[in-house]
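Student: The structure under discussion is supplied below as structure tokens; questions concerning it will follow.
The values are calculated or read from the model by the stated rules, or taken from the named source; none is laboratory data. Because the structure is a prediction, the values reported are computed rather than measured. Cβ sites come from the backbone with ideal geometry, for glycine too, and all protein chains shown count toward neighbours. SASA here: full protein model, heavy atoms, side chains in, ligands and nucleic acids out. Shrake-Rupley method; radii C 1.70, N 1.55, O 1.52, S 1.80 Å.
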Amino acid sequence: MRIQLYDIQPQLRAYVKVICCMECDGDADWNQIRVLPDTCVELFLNYTSGPVAVIDKVLYNRSIISFRMSRPVDVQMRKGSGCLAICFHPGMAYPFFHRPMHLFKDATINLSGLWNEMTSELEEKLANLSDNEARVAMVQEFLLRQLATGKQDLQVAYCLNQAQLSGGKISVGKLVHETGISQRQLSRRFQQSIGLSPKEYLGVCRFVSSLRYLTKYPQISLTEVAYLSGYYDQAHFIRDYKVYTGHPPGEVATAKHILF
């Protein structure tokens, strides 16, 4: 699989984490990878005549949106397939889709179910463009128009920033105190904007933080990785890895088919 990254327009950088073109042009008819959860929403815009991907054994022929909140997904791309992938920062997809995110937790759905006739129009324009740079430019302009009608929850955005800075170690109680709203209201607003409760979100943040330790410091023990990442003990650490990856920590660090 060939992945080409592209620059993100300044107005979108607070919302969009990655924009890339993914094209499956290897020798194998199918390329399969396991993508780990990171609380992000990803948009896959198909610009070819073939199917975009098989995800968790379901074939998707056209553009899709994947809400990879708290479970891994197995993705297969067929030889000759190509799509434009937009990965939103955690909690930052909501202004573009105007739907309660909890309705789509850990799901992959056809984009036409959210953007209706705009989806086919967008796919047709992408297919008619001659190169991927033109496709990326057009999609970013489209996203900016969608953003003009969206609204961001600033208190939730503050909580997301604190969670990222702490690697998921900050408590829900502290977020409640710092925002000045009740825990019940904060949970409702998290579900609306992100699709997870604050506790669930912090758990995935802690897991993602531990992945960074695994890859950046391969010489340290798994026990130390668990401690540095804020886990109570190694048992919780191993349990989370089996939930979020389907594998124990030691296998994740060396597996070539796992993408994170």
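Student: Counting only DSSP beta bridges with both residues in the chain, what percent are antiparallel, rounded to the nearest 5?
Tutor: 95
Student: Go ahead and run the numbers for FRET between H98 and V58, Cβ-Cβ distance against an R0 of 25 Å, rounding to 0.05.
Tutor: 0.50
Student: What is the percent carbon and sulfur in the accessible area of the stretch 47-183, measuring with a 1.4 Å probe over the protein chains and ignoring ligands?
Tutor: Exposed carbon and sulfur together represent 51 percent of the surface.
Student: Between Q11, Y47, Y94, whose Cα lies farthest towards the positive end of the dipole of the stretch 1-115 when Lys and Arg beta carbons carry +1 and Asp and Glu beta carbons carry -1, centred on the Cα centre?
Tutor: It is Y94, whose Cα lies furthest towards the positive end.
Student: If we count every other residue with Cβ under 12 angstrom of D74's Cβ, Lys/Arg +1 and Asp/Glu -1, where does the sum land?
Tutor: On the way: positive: R34, K57, R68, R71; negative: D56.
Spelling it out: positives minus negatives among the neighbours equals +3.
Student: Using a ≥ b ≥ c from the Cα gyration tensor of the stretch 1-132 (square roots of the eigenvalues), is it rounded, prolate or oblate, where a/c under 1.5 gives rounded and otherwise the larger of a/b and b/c decides, a/b for prolate?
Tutor: rounded
Student: If I fit a long axis through the Cα atoms of helix 154-166 and take the longest principal axis of the Cα atoms of the chain, what angle between them do I get, 0 to 90°, rounded to 10?
Tutor: 70
Student: Could you do me a favour and compute the accessible area per residue for the stretch 1-80, 1.4 Å probe, result in Å²?
Tutor: Roughly 46 Å² per residue, with all protein chains present.
Student: Charges at C-beta only: +1 for Lys and Arg, -1 for Asp and Glu. How large is the resulting dipole of the stretch 111-201 about its Cα centre, in Debye rounded to 20?
Tutor: Charge dipole of the stretch 111-201: 740 debye, to the nearest 20.
Student: Return the subset of K57/K105; K125/K256; K17/K169 for which the Cα-Cα distance in this structure is over 24 Å, preserving the input order.
Tutor: On the way: K57/K105 18 Å; K125/K256 35 Å; K17/K169 22 Å.
Beyond 24 Å: K125/K256.
Student: With all protein chains present and a 1.4 Å probe, how do H89, H257 order by accessible area, largest first?
Tutor: H257, H89
Student: Keeping every protein chain present and rolling a 1.4 Å probe, give me the accessible area per residue for the stretch 108-224 in Å².
Tutor: The answer is 54 Å² per residue.
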